[in-house]
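Report on one structure; see the data block that follows.
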Amino acid sequence: MHYNHYGREPVLLGVDLLNDPCSSAAELKRRCTAAGLVLSSAVSDGDLASVTAFLGRWRAVVQCSVRTERAALLNVLLAEYASAPRLTDHVGDGWHLHFRDPEVATDRVIAALITVGTALHLTGLGMDRLGVCEADGCSRVYADISRNGRQRFCCPACANRSAVRRHRANRAS
């Protein structure tokens, strides 16, 4: 995966994996590959369990609305999963940065990708560009990649349902 300066793809992978958990190691590999992550080793059931546990910790970052606390939570994950950036051309598709040591286990590759991607996303676009859907009854998360930075819902369907509820509540008043 080539990191862009916004961290868009990695943070969207995290959102996707958190909102729709993988049921097998094969599914985790397929979804990571579809997101552009080049995995150099097989994905095991242990990797799936580890990534699932990591995503639970990452959810705390997403749910935190206090900027300094969000940064502190993310810094813990960065210290655990990321390393000094290094240049690599590991698959021959061009030089790019990796924020992990070479030859780390697959679960740590995925965690490093999402953690660093989140840091790049939040510092590039704003510390409030990650959250939990505000629609009643929805607990899905989102990464705000909109131009105006005002996303509050995980998808248009939740935004529309909320708008209809507000409209109906206003008419009933």
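Name the residues in segment 30-43 that are over 20 Å from ASP101 (Cα atoms), surrounded by 15 or more Cβ atoms within 10 Å (Cβ to Cβ) and at pLDDT 95 or above, would you?
Within segment 30-43, ARG31 is the sole residue that qualifies.
Which condition number in (1) surrounded by 12 or more Cβ atoms within 10 Å (Cβ to Cβ); (2) assigned to a helix (DSSP H, G or I) is the one that ARG100 fails?
Single failed check for ARG100: (2).
Considering only segment 116-153, state which residues are in contact (Cβ under 8 Å) with a residue 60 or more places away in the chain and among the charged types (D, E, K, R).
Across segment 116-153, the qualifying residues are ASP128, ARG140.
So CYS133 fits all but one of (1) within 26 Å of ALA60 (Cβ to Cβ); (2) modelled with pLDDT under 95; what number is the exception?
Only one criterion in (1) within 26 Å of ALA60 (Cβ to Cβ); (2) modelled with pLDDT under 95 is unmet by CYS133, namely (2).
I'd like the full set of residues that are at pLDDT below 90, touching a strand residue (DSSP E or B) at 6+ places or on another chain (Cβ under 9 Å) and of a type outside the set (A, V, I, L, M, F, W, C), limited to segment 86-125.
ARG86, THR88, ASP89, HIS90, HIS96, HIS98, ARG100, ASP101, PRO102
Every residue in segment 147-168 that is surrounded by 11 or more Cβ atoms within 10 Å (Cβ to Cβ) and outside any helix (DSSP H, G or I), please.
Passing the criteria: GLY149, GLN151, ARG152, PHE153, CYS154, CYS155.
Conditions first: (1) open to solvent by less than 60 Å² (accessible area, probe 1.4 Å); (2) β-branched (Val, Ile, Thr); (3) out of contact with any Gly (no Cβ under 7 Å at 6 or more places or on another chain); (4) part of a helix (DSSP H, G or I). THR123 passes all but one, so which condition is the exception?
(1)
Might you let me know whether segment 138-158 holds any residue that is basic (Lys, Arg) and closer than 23 Å to GLU80 by Cβ?
no
Only one of (1) part of a helix (DSSP H, G or I); (2) among the small types (Gly, Ala, Ser); (3) open to solvent by 20 Å² or more (accessible area, probe 1.4 Å) is not met by SER83, so which one is it?
Unmet condition: (1).
Can you tell which of PHE54, PHE99 is more than 13 Å from the chain's Cα centre (by Cα) and among the aromatic types (Phe, Trp, Tyr)?
Within the list PHE54, PHE99, the selection yields PHE99.
The values are calculated or read from the model by the stated rules, or taken from the named source; none is laboratory data. Worth saying up front: this structure is predicted, and the values here are computed from it rather than measured. Note that each Cβ is placed from the backbone with ideal geometry, even for glycine, and that neighbours are counted across all protein chains shown. Heads up: the accessible areas ignore ligands, DNA and RNA and are worked out on the full protein's heavy atoms, side chains in. Shrake-Rupley method; radii C 1.70, N 1.55, O 1.52, S 1.80 Å.
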